[in-house]
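Beneath this line is the structure, given in structure tokens, with notes to follow.
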Amino acid sequence: MTPSTSVPLLIKGGRLIDPAHNRDEVLDLVVEGGRVARLGKNVTPPAGAHVMEAAGMIVAPGLVDIHVHLREPGQEGAETIETGTRSAAAGGITSVVAMPNTQPAIDSATGIRFVLRRAAETAHIRVWPSGSITLGRAGEKLAEIGGMVKAGAVAVTDDGNSVPDAQLLRRALEYAKMFDVTVMEHSEDKSLMADGVMNEGPLATRLGHRGIPRQSESIAAGRNIALAALTGAHIHLTHISTRETVDLVRQAKKKGITVTADCTPHHFTLTEEAVVRCGTNAKMNPPLRAEEDRRAIIEGLKDGTIDCIASDHAPHSRASKEQEFSAAPFGIVGLETLLPLTVTQLIEPGHLSWIEAIRRMATNPAKVLSLPVGDLAEGSPADIVIINPVEERTVTGFSSKSQNSPFLGWTLRGFAQVVMVEGRIVLRREALRPVSAS
């Protein structure tokens, strides 16, 4: 990323939402030296400042997506750090946590340093690398967790794979606790998943597809929570998808176990029926589930059981997704639909308020991984998104290299208009009122 701009900026008259400080009010905000310099009403702009009129807009901390596949190194045909972060900026996201299931896997300090170097050279926003729990994500031998954390890893995960051996995961949690880093676990019992490709049930049978039982997730999630209780370490369950898993997390939190969780927009928006309409663009892991699971995810967001909303952005080439359903890879792109799907599916129906939605897309994700972003207090980094809450747009394509999405053609509301990272504007849509000198 290039350095922040040296010209002060006054963002005037927007509805400022900062869940970290329970703030939701019309305020002016001054950006200076890459940081939030001042908040207040009717603020006089600093000398030489530019003024951005934001009346009617939401001004919020830049979104933090803690589950993103940038595919570099090894799969640059589907995505790169440059194209993935450009797509993130288009979606109002100012920080992403890059998953380590690249080729080769990010399982060493050298790999972490590679991601950070490429991000410094090409990224449009902040990139926080995660490292593999096990060498090669093979689930057999622990990676050098301490070395990766010292090099800059903000989490460890074998995402795409669950650590199969409970004793090995216990050791990983103990090491992670020593180095004060979160273990993100993809909860899945591979022996139950087998070669399934969609949610197990009558629809899979009718379509002739092998099913993935819901218990493949909930059994693994229960084990993971039990190991967190045993070790006292922090475990984060990513992209949870079943009502049983939601309830397991809810009960664990009541017991004081250090467990957090995220869900995806596709799991609170779609059900397994989307496979009929969208084919391989509705193939993901964990799979789309039943309507009662979708409702349980929403309830988990409403009552605070689910801490974060993350995209699980998983780009794939058109050719790979055009294979028959059983052969096509799991995953969809999601960076540019995370915000408008949250607005359209959660805020507008009244499931979440704006402050609670921003909490789950910015404040909580930063808190879960102890990232120094996610708020708009004076002195904080000026990572800011300005959102038009009522703008309606039909999804026709993405800035990502890949276009594998079931939401193409959908009309959604609530899009990012301006995105800043340390006060540097990385996105400004033409629809926004022009920036003018004071």
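Rule-based calculations on the coordinates, nothing more; no lab input. Please read these numbers as outputs of a predicted model, since none were measured by experiment. Don't worry about glycine lacking a Cβ; one is built from the backbone with ideal geometry, like all the others, and counts go over all protein chains shown.
Which entries of K253/K302; K150/K401; K41/K367; K177/K255 have Cα-Cα distances beyond 26 Å here? Display every interim value, and only then the final one.
On the way: K253/K302 15 Å; K150/K401 32 Å; K41/K367 28 Å; K177/K255 19 Å.
Result: K150/K401; K41/K367 exceed 26 Å.
Suppose we keep just the DSSP beta bridges with both residues in region 62-368; what percent of those would be antiparallel, to 5?
Taking every DSSP beta bridge with both residues in region 62-368, the antiparallel ones total about 5 percent.
Using only the alpha-carbon atoms, how far is helix 109-122 inclined from the longest principal axis of the chain? Give it as 0 to 90 degrees, nearest 10.
The helix 109-122 is inclined about 40 degrees to the chain.
When the helices in the chain are scored as -39500 (n - 2.57) per DSSP H run of 4 or longer and the sum is shared across all residues, what 222 nm value do you end up with, to the nearest 500 deg cm²/dmol?
Rounded to the nearest 500, it is -7500 deg cm²/dmol.
For region 303-332 and region 342-372, what is the separation of their C-alpha centers, rounded to whole Å?
Each part's Cα centre sits 21 Å from the other's.
Quick check: the angle from helix 166-178's long axis to the longest principal axis of the chain, C-alpha only, nearest 10 degrees?
Between helix and principal axis, roughly 30 degrees.
Taking the Cβ-Cβ separation of N42 and H351 as r and a Förster radius of 35 Å, what is the calculated FRET efficiency to the nearest 0.05?
Efficiency, rounded to the nearest 0.05: 0.50.
Check the straight Cα-Cα distances from K254 and name the aspartates and glutamates below 18 Å, setting aside those fewer than 8 residues away within the same chain.
Answer for K254, where 18 Å is the Cα cut-off: E244, D262, E299, D303, D307, listed by chain and number.
When a/c reaches 1.5 or more, the comparison of a/b and b/c decides; with that in mind, is region 62-368 rounded, prolate or oblate per its Cα gyration tensor?
Details: a/c = 1.22, a/b = 1.13, b/c = 1.08.
Since a/c stays below 1.5, the shape of region 62-368 is classed as rounded.
Counting other Cβ atoms within 10 Å, keep those with at most 15, restrict to DSSP loop, and tell me which GluC sites (Glu not before Pro) in region 369-431 are left.
Answer in residue order: E378, E430.
Rounding to the nearest 10 and keeping the result within 0 to 90°, find how far the Cα-based axis of helix 81-90 lies from the longest principal axis of the chain.
Around 60 degrees separate the two axes.
How much length is gained if the chain between L230 and K190 is pulled fully straight, taking 0.36 nm per residue apart and subtracting their Cα-Cα distance, in nm to one decimal?
So the extension gain works out to 12.1 nm.
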